[in-house]
Amino acid sequence: MPSLALKSSQCRWWASAALAWFSVQLPLRSVSSLIFLSFSQSKQLHTNPPLSNHTSSHPTLTDYINFINYNCSYVSKKNCIGSYINTFFSSSFNPVSFNSSLSAFKSSTKVFVRNHFTHTCSRNLKFDMAPIAPSDREILPANIKPIRYDLTLEPDFETFKFNGSLNLHLFVIEPSNSITLNSLEIDILSATLSDNKSFSNEKPSSIEFNEKLQQVSFKFNKTFKKDSSLILSIKFIGLLNDKMAGFYRSSYIKDGKTKYLATTQMEPTDCRRAFPCFDEPALKSIFDITLIADKNLTCLSNMDVKSESVLPNDSSKKSVSFNSTPLMSTYLVAFIVGDLKYVECNDYKTPVRVYATPGLEHQGEFSCKLAAKTLDFFGKAFDIEYSLPHMNMVAIHDFSAGAMENWGLVTYRSVDLLFDEKTSSLTRKQRVAEVVQHELAHQWFGNLVTMDWWEGLWLNEGFATWMSWYSANQFYPSWNVWSEYVTDNLQSALIQDGLRSSHPVEVPVKRADEINQIFDAISYSKGSSLLKMISRWLGEDIFIKGVSNYLKKHKFSNTQTSDLWEALSDASGKNVVGVMDVWTKKVGFPVITVTEDGNKIHLKQNRYLTTGDVKPEEDQTIFPVFVGLRTKNGIDESIILNQRETTIEIDDPSFFKINADHAGIYRTVYTPERWVKLGQAGQSGLLPVEDRAGLIADAGALATSGYSSTTNLLNLVSSWKDEKEYIVWGEMLGQIGSIKAAWLFESESIKDSLKAFTRSLVSKKCKSLGWTFTDDEPFLEQRLKSTLFSSAISSEDKDVQNAALEMFNKFVKGDSNAIHPNLRPSVFRAVADLGGVEGYDQLLNIYKTATSLDEKITALSTLGLFKEPELIKRTLGYALDGSVVKPQDIYIPLRGLRAHKEGTIALFNWLKEKWDKIYALLPPGLSMLGSVVEICLSSYTTETSKSEIEEFFKDKDTAGYNKGIEKSLDRIQSVRSWISRDGKAIEEWLSENGFNK
């Protein structure tokens with residue numbers, strides 16, 4: 001058969017034509033011939049699947065089928081093309097089953113061809129290798145494909161380096177004489193190449209490094225033949241760094257001494273720091289990992305242990321080899337060496353363990369049991385069992401994110417995995433539960449099925465976020481998580497997506513330094529909100545069925561967003577592709593303006609921006625909007641606004657609301673008269689919790705952007721001061737807090753008036769409910785008490801402040817039970833508000849000595865709330881002192897500082913003064929620099945701050961953190977416009993309602 005040359009413009013067309021050709025016209029034996037030709041010399045490739053028993057030197061059909069299923073991983077092993085081809089061509093072929101087998105064969109062939117050719121095209125692969133990938137995307141050459149990594153590593157805790165050796169099994173896709181890998185901060189000691197046939201131990205003619213692209217190229221004097229197999233052997237030394245990236249060291253104090261463990265963080269592009277590799281998500285491979293370490297230390301990796309032995313030449317060390325991984329991406333590779341203890345749960349079919357440094361392991365009990373339950377739940381929900389032989393979760397003392405979903409070896413920031421029932425708050429419990437369930441959802445979404453490139457990150461993070469809420473709703477129904485979703489996840493999405501600096505859910509990513517910046521509220525929160533929206537449209541059962549089909553069809557493979565939409569379309573019979581493509585490929589969301597004429601309701605959509613200054617060219621997208629019309633007769637889910645504007649009629653216009661339960665991703669503007677009626681409806685019971693909380697959120701956002709007056713928000717909140725639900729109270733107080741934050745640099749009198757308004761809302765209810773807790777008290781009741789207590793403290797209710805200070809004095813005198821964990825942040829806040837060196841030092845001592853992680857973090861965050869100049873200076877000094885504050889926690893005291901004017905000014909000056917040191921500590925390739933920049937800038941909202949910030953960064957290379965700057969500038973512009981527009985109206989409202997002093 002002639003070679004198939006696929007040009008860029010022909011690629012997807014050819015794949016589509018091939019589907020019809022294979023499925024309808026091509027005789028079955030021709031199909032097998034085509035497969036033989038396409039995968040010639042397959043025995044030279046990875047043959048971990050057992051070869052069939054044959055005497056011929058030529059591989060049998062079964063060998064080719066095993067190769068397709070195991071190495072290419074483009075089809076499901078349970079529904080694989082190989083099983084059907086074997087049915088036709090084995091000696092036991094039964095003509096009676098021909099028709100049913102033919103149908104199944106066609107279906108499976110369609111899956112194979114679509115995935116093989118479209119995936120090949122998307123990866124810049126081809127049969128004559130015509131390039132089709134975006135020319136500006138920085139990816140590896142497509143001449144070589146990895147098959148297997150045989151990797152051995154030995155960390156050295158004295159030199160903070162590690163020795164490595166790698167045998168990299170490769171398959172040649174096109175003739176070439178070079179092999180290019182990703183590599184960063186790796187010293188190559190030696191390299192040789194073999195093909196186990198015509199040559200061995202061939203040394204490269206040159207080894208060239210490209211620091212900018214983070215690549216190393218090995219060039220040889222001979223050309224590799226197409227479809228041949230190679231083994232590249234590399235010996236190298238790497239840096240066991242302290243940047244929380246790649247293979248790095250984490251430190252902790254034990255018995256007064258500093259101890260270390262070695263751990264990994266590969267996502268998104270830091271596996272190249274651990275060993276030279278094909279560091280792209282679509283280049284999946286098998287990994288055989290061996291660790292060499294002190295025989296008394298624990299060695300962990302993705303898979304279970306295959307063998308362990310003492311080194312023959314050094315009895316103090318051991319070699320631990322692990323079983324082969326499934327096909328997986330490099331960013332999921334993990335290994336750990338350290339002194340670790342564990343707790344175990346055997347409630348699931350495979351053992352589940354939580355590891356921690358000695359003395360902390362018992363705090364893993366909650367997470368361990370939850371993990372076993374979660375794995376079982378996800379496996380049943382999607383009809384796919386968890387794939388690996390164990391689940392190990394490890395608490396790490398230095399960790400840049402919250403957690404990392406490494407397949408079979410999930411790593412966590414300690415505070416997000418460990419939980420002490422006696423000393424931790426309900427908020428911490430909820431956080432730990434959310435993170436654990438999120439990471440375990442990744443074992444299916446991301447690990448089993450992986451996006452083919454980083455622009456599909458939302459497929460990983462959006463799914464895992466939605467699944468964590470989905471499972472939490474099953475396990476903890478009293479938490480009412482889907483109501484809290486409206487004020488949490490949905491608002492996070494809308495707040496960021498309302499900025500001009502936002503980006504589409506599917507965002508083009510060209511370079512490695514861009515990837516970290518899309519681990520944000522768009523990928524996580526908007527992605528999951530889209531899934532929430534579509535699950536409501538399709539029905540949750542159908543949605544889950546479609547997702548199950550998607551996972552089964554693509555397991556051990558890579559996908560694009562369109563694969564998900566197709567699976568959901570097939571399961572539901574609805575045009576999911578047509579509806580959802582707009583939502584994922586276009587930036588932003590609409591604001592729906594509602595006007596009324598009798599029983600006619602007119603709806604019009606336009607682009608929403610927080611700054612309120614949408615330009616015509618920014619308002620071109622028409623979103624398919626699920627109207628969700630709530631009336632006294634129920635909810636009409638059938639209305640979809642898929643044009644600029646429309647008019648609908650209702651029977652009774654006395655009560656209606658758009659976006660029932662706030663399942664849609666948009667804001668709604670009503671007339672002033674309708675806002676009054678909706679406020680009354682909220683009081684009379686016509687609106688559920690989700691709608692009441694969502695109305696408050698919309699009113700706040702519309703005030704910020706100028707679509708309605710802030711007085712509308714203040715009237716709505718004031719009318720609902722008898723509200724009983726925590727979720728609604730949380731949003732009301734949050735919106736008042738947003739006004740306070742925006743007015744940070746305005747007159748003290750208006751800030752005092754806002755505090756007085758807040759006291760009028762919360763003081764009476766706070767004292768009525770009290771601030772004691774019982775074990776059998778409902779979850780949301782406890783959260784409400786905590787929220788009201790916190791707001792009373794921040795608004796300076798003297799009675800509540802005194803009660804808090806009394807608790808604190810008892811606590812520092814030795815009464816460990818004097819402060820309930822739910823009240824700890826508020827009590828510590830009262831100490832900071834009182835000010836003074838004594839209180840600061842007491843909190844600093846709590847941070848340094850507390851055994852409760854929750855208590856330590858709360859104390860550290862409170863240090864930033866002190867306003868005295870000398871204490872602000874101390875806090876900023878500690879932020880860059882690794883002996884006091886770990887780099888992973890640098891943002892915690894900084895967040896406290898931006899809560900007040902004095903701290904915000906100091907933050908910006910500190911950022912300018914210490915920029916070089918901050919930049920060195922948190923290089924732009926890591927995500928934390930952007931977060932720190934945003935924290936230091938986003939609350940600095942003076943009239944001159946925008947120009948000051950632009951001046952400071954104008955000569956700097958902002959690659960890797962530019963989004964943090966852009967978001968901060970958007971916020972500053974929004975705040976200045978808001979104050980200019982509504983400042984006088986707010987002051988008058990506060991005065992008219994008696995809140996001016």
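The values are calculated or read from the model by the stated rules, or taken from the named source; none is laboratory data. Since the structure is predicted, the reported quantities are computational estimates derived from the model, not experimental observations. Note that we place each Cβ from the backbone using ideal geometry, even for glycine, and neighbour counts take in every protein chain shown. Each accessible area value is taken on the protein alone, full model and side chains, heavy atoms only, with ligands, DNA and RNA left out. Shrake-Rupley method; radii C 1.70, N 1.55, O 1.52, S 1.80 Å.
Scan the stretch 973-997 residue by residue and report those that are assigned to a helix (DSSP H, G or I), of a type in the set (D, E, K, R) and open to solvent by 60 Å² or more (accessible area, probe 1.4 Å). I'd like the intermediate steps shown before the answer.
Of all residues in the stretch 973-997, those assigned to a helix (DSSP H, G or I) come to 973-992.
Imposing the further condition that a residue be of a type in the set (D, E, K, R) reduces the set to 976, 981-982, 984, 987-988, 992.
Correct list: Arg981, Lys984, Glu987, Glu988, Glu992.
A quick yes/no check of all residues on (1) open to solvent by less than 30 Å² (accessible area, probe 1.4 Å); (2) at pLDDT 95 or above; (3) of a type in the set (Gly, Ala, Ser):
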{"site": "Val728", "(1), (2), (3)": "yes, yes, no"}
{"site": "Glu731", "(1), (2), (3)": "yes, yes, no"}
{"site": "Ser738", "(1), (2), (3)": "no, yes, yes"}
{"site": "Trp743", "(1), (2), (3)": "yes, yes, no"}
{"site": "Ile750", "(1), (2), (3)": "yes, yes, no"}
{"site": "Ser753", "(1), (2), (3)": "yes, yes, yes"}
{"site": "Gly770", "(1), (2), (3)": "yes, yes, yes"}
{"site": "Phe789", "(1), (2), (3)": "yes, yes, no"}
{"site": "Val800", "(1), (2), (3)": "yes, yes, no"}
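Does Asn460 count as under 15 Å from the mean Cα position of the chain (by Cα) and not assigned by the TED database to the domain that holds Asp776?
On the way: under 15 Å from the mean Cα position of the chain (by Cα): yes; not assigned by the TED database to the domain that holds Asp776: yes.
So Asn460 fits the description; yes.
Residue under question is Leu370, and the condition is that it be over 27 Å from Asn558 (Cα atoms) and more than 16 Å from the chain's Cα centre (by Cα); does it hold?
Values: over 27 Å from Asn558 (Cα atoms): yes; more than 16 Å from the chain's Cα centre (by Cα): yes.
Yes; evaluated as a whole, the condition is true for this residue.
Mind listing just one residue for me: the one in the stretch 850-875 that is open to solvent by 20 Å² or more (accessible area, probe 1.4 Å), in a helix (DSSP H, G or I) and at pLDDT 95 or above and, of those, farthest from Gly359 (Cα to Cα)?
Once the filter is applied, the top-ranked residue is Pro869.
Does the stretch 507-515 contain at least one residue that is closer than 25 Å to Val432 by Cβ and surrounded by fewer than 22 Cβ atoms within 10 Å (Cβ to Cβ)? Step through it out loud before you land on a result.
Step one: list which residues in the stretch 507-515 are closer than 25 Å to Val432 by Cβ, which gives none.
Within the stretch 507-515, not a single residue is closer than 25 Å to Val432 by Cβ and surrounded by fewer than 22 Cβ atoms within 10 Å (Cβ to Cβ).
If you take the residues of the stretch 185-198 that are among the hydrophobic types (A, V, I, L, M, F, W, C) and open to solvent by 30 Å² or more (accessible area, probe 1.4 Å), which of them is farthest from Arg272 (Cα to Cα)?
Taking the stretch 185-198 first, the residues among the hydrophobic types (A, V, I, L, M, F, W, C) are 186, 188-189, 191, 193.
Adding the requirement that they be open to solvent by 30 Å² or more (accessible area, probe 1.4 Å) leaves 188-189.
On the way: Ile188: 12, Leu189: 16 Å.
Filtering first and then ranking leaves Leu189.
Restricting the search to the stretch 876-922, which residues are charged (D, E, K, R) and either part of a helix (DSSP H, G or I) or at positive phi (or both)? Spell out the reasoning first.
Start the filter on the stretch 876-922 by keeping residues that are charged (D, E, K, R), which leaves 881, 886, 889, 895, 898, 901-902, 912-914, 916-917.
If the condition is that a residue be charged (D, E, K, R) and either part of a helix (DSSP H, G or I) or at positive phi (or both), then Asp889, Arg895, Lys901, Glu902, Lys912, Glu913, Asp916, Lys917 are the ones that fit.
Please go through the stretch 352-364 and pick out each residue that is in contact (Cβ under 8 Å) with a residue 24 or more places away in the chain and open to solvent by 50 Å² or more (accessible area, probe 1.4 Å).
Residue satisfying the conditions is Arg353 alone.
Answer yes if at least one residue in the stretch 206-214 is under 24 Å from Leu926 (Cα atoms), within 37 Å of the chain's Cα centre (by Cα) and of a type in the set (A, V, I, L, M), and no otherwise.
Going through the stretch 206-214, the residues under 24 Å from Leu926 (Cα atoms) turn out to be 209-214.
After this cut, where a residue has to be within 37 Å of the chain's Cα centre (by Cα) as well, the list is 209-214.
Subset that is of a type in the set (A, V, I, L, M): 213.
Among the residues of the stretch 206-214, at least one is under 24 Å from Leu926 (Cα atoms), within 37 Å of the chain's Cα centre (by Cα) and of a type in the set (A, V, I, L, M), which makes the answer yes.
Report whether or not Lys532 is open to solvent by 40 Å² or more (accessible area, probe 1.4 Å), farther than 30 Å from Thr958 by Cα, in a helix (DSSP H, G or I) and modelled with pLDDT of 95 or more.
Numbers: open to solvent by 40 Å² or more (accessible area, probe 1.4 Å): no; farther than 30 Å from Thr958 by Cα: yes; in a helix (DSSP H, G or I): yes; modelled with pLDDT of 95 or more: yes.
Considered against the rule, which asks whether it is open to solvent by 40 Å² or more (accessible area, probe 1.4 Å), farther than 30 Å from Thr958 by Cα, in a helix (DSSP H, G or I) and modelled with pLDDT of 95 or more, Lys532 comes out as no.
Within the stretch 322-351, track down each residue that is within 30 Å of Lys257 (Cα to Cα) and either open to solvent by 20 Å² or more (accessible area, probe 1.4 Å) or part of a strand (DSSP E or B) (or both).
Phe335, Ile336, Val337, Gly338, Asp339, Lys341, Tyr342, Val343, Glu344
For the stretch 755-768, how many residues are closer than 22 Å to Glu725 by Cβ and either aromatic (Phe, Trp, Tyr) or open to solvent by 40 Å² or more (accessible area, probe 1.4 Å) (or both)?
At the first step, the residues of the stretch 755-768 found to be closer than 22 Å to Glu725 by Cβ are 757-768.
Those left that are additionally either aromatic (Phe, Trp, Tyr) or open to solvent by 40 Å² or more (accessible area, probe 1.4 Å) (or both): 757, 759-760, 764-765, 767-768.
Matching residues across the stretch 755-768 total 7.
Tell me whether the stretch 456-470 contains one or more residues that are acidic (Asp, Glu), surrounded by 24 or more Cβ atoms within 10 Å (Cβ to Cβ) and under 25 Å from Asp661 (Cα atoms). Steps first, please.
Residues of the stretch 456-470 acidic (Asp, Glu): 461.
The next check asks that each one be surrounded by 24 or more Cβ atoms within 10 Å (Cβ to Cβ); those that pass are 461.
Checking which are under 25 Å from Asp661 (Cα atoms) leaves us with 461.
Among the residues of the stretch 456-470, at least one is acidic (Asp, Glu), surrounded by 24 or more Cβ atoms within 10 Å (Cβ to Cβ) and under 25 Å from Asp661 (Cα atoms), which makes the answer yes.
I'd like to check which strands (runs of 3 or more DSSP E) are fully inside the stretch 588-673 and have at least 2 residues that are in contact with a Gly (Cβ under 8 Å, 6 or more places away or on another chain) and not assigned by the TED database to the domain that holds Gly527.
634-636
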